[in-house]
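The values are calculated or read from the model by the stated rules, or taken from the named source; none is laboratory data. Since this is a predicted model, take the numbers as computed values, not measurements. No Cβ is skipped: glycine too gets one built from the backbone with ideal geometry, and neighbour counts run over all protein chains shown. We work out accessible area using only protein heavy atoms, side chains counted, and drop any ligands, DNA or RNA first. Shrake-Rupley method; radii C 1.70, N 1.55, O 1.52, S 1.80 Å.
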Amino acid sequence: MRINADFSQRVAVHFDKTDWVASPAAGVERKMLDRIGEEVARATTIVRFAPGSAFSAHTHDGGEEYLVLDGVFQDETGDFPVGSYVRNPPTSSHTPSASEGATILVKLHQFDPDDRTEVRRSINGGGDIELFRDAHEDVQVQTWAAGEHIELDADKGFEVFVIEGGFVEAGEDFGTWDWLRLPPGSRSAAIAGEGGARVWIKSGHLSDMV
């Protein structure tokens, strides 16, 4: 399976215009943003867990990174409510579930193979937050003021996911839970909407994909 797998191209996915696709686990549905592979895949996905749903125990050979967008996501290490940002590095394992339901943005098989750093952070409380940085990637949450102009430097690739609010880029409107990926070597600019925007950003990580 290959979805938005040409990393030399700009890609935009709008939440409200994308269908949910059933996963192999009952009650778990996905909106696939990009993907290379079948059930074990390099993937960026919005995943929705119905109340009481779960995945079987599994190991993340390529690492797992997620942001909880709605509800409470759970595994053996605890409960992760809205605003939780988690990095489970390569070789980690867990049994994810959501007793009351949850929606997450998740990225799989995209870590540096030598990364063993676990992260458990909350993005609640506002402001800009640096979530993770190493030689491979930079992950942040930023808050953009209404009408603010933001330079998007995609020298080594850039992704932005709208947590709240919205912005305009290249004449295209982005709202809550929309996603934009810019290819390495490109530059662009965004203008935050009337209500501003809170965005999750990853940069510096796509140069080896083109």
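One residue stands out among those in segment 132-168 that are surrounded by 19 or more Cβ atoms within 10 Å (Cβ to Cβ) and among the acidic types (Asp, Glu): the one that is farthest from the chain's Cα centre (by Cα), which is GLU137. The set of residues in segment 157-210 that are hydrophobic (A, V, I, L, M, F, W, C) and over 19 Å from ASN4 (Cα atoms) comprises ILE163, PHE167, VAL168, ALA189, ALA190, ILE191, ALA192, ALA197, VAL199, TRP200. Among the residues of segment 169-190 satisfying the criterion of being of a type in the set (A, V, I, L, M, F, W, C) and not in a strand (DSSP E or B), which is nearest to the chain's Cα centre (by Cα)? The qualifying residue nearest to the chain's Cα centre (by Cα) is TRP177. Residue-level check: of (1) open to solvent by 80 Å² or more (accessible area, probe 1.4 Å); (2) of a type outside the set (Val, Ile, Thr); (3) in contact (Cβ under 8 Å) with a residue 60 or more places away in the chain, ARG48 misses just (3). The residue that is farthest from GLY125 (Cα to Cα), counting only those in segment 80-97 that are part of a loop (DSSP other than H, G, I, E, B) and at pLDDT 95 or above, is VAL82. Taking the criterion of being hydrophobic (A, V, I, L, M, F, W, C) and either touching a helix residue (DSSP H, G or I) at 6+ places or on another chain (Cβ under 7 Å) or farther than 18 Å from PHE161 by Cα (or both), the residues of segment 24-36 that qualify are ALA25, ALA26, VAL28, ILE36. Pairing residues of segment 162-173 that are in contact (Cβ under 8 Å) with a residue 12 or more places away in the chain and more than 15 Å from GLN140 (Cβ to Cβ) with residues that are among the basic types (Lys, Arg) and open to solvent by 70 Å² or more (accessible area, probe 1.4 Å), at Cβ distances under 8 Å and at least 6 apart in sequence or on separate chains, gives ALA170/ARG10. What pairs can you find where one residue is in segment 57-72 and under 20 Å from ARG121 (Cα atoms), the other is of a type in the set (Gly, Ala, Ser) and not in a strand (DSSP E or B), and their Cβ atoms are less than 7 Å apart, with a gap of 6+ or different chains? As it stands, the answer is VAL68/GLY83; GLY71/GLY101, since those pairs meet every condition given. Of all the listed residues (GLU159, GLU100), the sole one being acidic (Asp, Glu) and assigned to a strand (DSSP E or B) is GLU159. Residue count for segment 86-101 satisfying the condition of being open to solvent by 30 Å² or more (accessible area, probe 1.4 Å) and on the phi > 0 side of the Ramachandran plot: 1.
Among residues of segment 190-210 being in contact with a strand residue (DSSP E or B) (Cβ under 8 Å, 6 or more places away or on another chain) and over 24 Å from ALA135 (Cα atoms), the one that is surrounded by the fewest Cβ atoms within 10 Å (Cβ to Cβ) is GLY195.
Apart from one condition, MET1 fits all of (1) in contact with a Gly (Cβ under 8 Å, 6 or more places away or on another chain); (2) under 30 Å from SER186 (Cβ atoms); (3) crowded, with 16+ Cβ neighbours inside 10 Å; the exception is (3).
Against the list (1) over 30 Å from ALA26 (Cβ atoms); (2) open to solvent by less than 10 Å² (accessible area, probe 1.4 Å), the condition ILE104 fails is (1). Would you check if there is a residue in segment 7-23 being under 24 Å from VAL210 (Cβ atoms), touching a helix residue (DSSP H, G or I) at 6+ places or on another chain (Cβ under 9 Å) and either of a type in the set (Phe, Trp, Tyr) or open to solvent by 20 Å² or more (accessible area, probe 1.4 Å) (or both)? Among the residues of segment 7-23, at least one is under 24 Å from VAL210 (Cβ atoms), touching a helix residue (DSSP H, G or I) at 6+ places or on another chain (Cβ under 9 Å) and either of a type in the set (Phe, Trp, Tyr) or open to solvent by 20 Å² or more (accessible area, probe 1.4 Å) (or both), which makes the answer yes.
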